[in-house]
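The structure appears below as structure tokens.
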Amino acid sequence: MALTSITDTRMLIHLEFPTNQEAAAKTRNFFEHELRRKIIAPTIVLTEFVEVAGTKIGQEAAKNRLNVLKEKGLKIIDLNEKQALIAGELLLAHRNIPITDALIASYVKSGAADYVLTDDPHFKTLNIKTKWIP
């Protein structure tokens, strides 16, 4: 069975705004490889992406970029009660973790995803497996 990843907003931002051409190619290849395995994105990641990318490329362009990713196979998932409760438990145990990171981590904790596509150290604090661009 193929592994499923869940993307952090950092991955999508890095994909949209790479630091140079080499980083762009590596990020695109990594993301496309992960898409073949299956990437899920919780709705909170869409919120953050539009907020961050929208300041650089505009709101409509940010939404269009998300639509392109969906067409390529990014699966958007809604926050549900189970994930919200798991995230709350994580926040109680780790008071300095951002809510968004706890929500993303809850999908790994519940078994809905195997790892997070991120280089964010908060996930290590939460004992969540991560994977980043090699």
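Within the bounds of segment 97-106, is there any residue that is in contact (Cβ under 8 Å) with a residue 24 or more places away in the chain, in contact with a strand residue (DSSP E or B) (Cβ under 8 Å, 6 or more places away or on another chain) and hydroxyl-bearing (Ser, Thr, Tyr)? Looking for residues that are in contact (Cβ under 8 Å) with a residue 24 or more places away in the chain, in contact with a strand residue (DSSP E or B) (Cβ under 8 Å, 6 or more places away or on another chain) and hydroxyl-bearing (Ser, Thr, Tyr), one finds none in segment 97-106, hence no.
Checked against (1) within 22 Å of ASP101 (Cα to Cα); (2) modelled with pLDDT under 95, THR19 meets all criteria but (1). The helices (runs of 4 or more DSSP H) found entirely in segment 39-134 that carry 1 or more residues being under 13 Å from the mean Cα position of the chain (by Cα) and surrounded by 15 or more Cβ atoms within 10 Å (Cβ to Cβ) are 43-57, 59-72, 99-109, 122-125.
Please enumerate the residues belonging to segment 1-38 that are in a helix (DSSP H, G or I) and among the acidic types (Asp, Glu). Matches in segment 1-38: GLU16, GLU22, GLU32, GLU34.
Pairing each residue of segment 6-35 that is under 16 Å from LEU66 (Cβ atoms) with any residue that is assigned to a helix (DSSP H, G or I) and of a type in the set (Ser, Thr, Tyr), provided the two are 6+ apart or on different chains, yields C-beta distances under 8 Å for ILE6/TYR107; THR9/THR100; HIS14/THR27; LEU15/THR27. Residues in segment 85-132 that are hydrophobic (A, V, I, L, M, F, W, C), under 23 Å from HIS33 (Cβ atoms) and at pLDDT 95 or above: ILE104, ALA105, VAL108, ALA113, VAL116, LEU117, PHE123, ILE128, TRP132. When restricted to residues that are under 13 Å from THR9 (Cα atoms) and not acidic (Asp, Glu), segment 103-121 contains 6. Whether a residue is in contact with a Leu (Cβ under 8 Å, 6 or more places away or on another chain), within 18 Å of ILE6 (Cβ to Cβ) and of a type in the set (Phe, Trp, Tyr) was assessed, and TYR115 passes this test.
Counting residues in segment 9-27 that are among the basic types (Lys, Arg) and over 24 Å from ASP78 (Cβ atoms) gives one or more.
Cβ-Cβ distances below 9 Å connect the following pairs, each with a first residue in segment 68-79 that is more than 16 Å from ARG37 (Cβ to Cβ), a second residue that is β-branched (Val, Ile, Thr), and a separation of six or more residues or different chains: LYS70/ILE76; ILE76/ILE40; ILE76/THR43; ILE76/VAL45; ASP78/THR43; LEU79/THR43; LEU79/ILE44.
If you go through segment 38-77 and keep only what is among the small types (Gly, Ala, Ser) and in contact with a helix residue (DSSP H, G or I) (Cβ under 6 Å, 6 or more places away or on another chain), you end up with ALA53, GLY54, ALA62, GLY73.
The values are calculated or read from the model by the stated rules, or taken from the named source; none is laboratory data. Computed from a predicted structure; not experimentally measured. For neighbour counting, all protein chains shown are included, and Cβ atoms are generated from backbone atoms with ideal geometry for every residue, glycine included.
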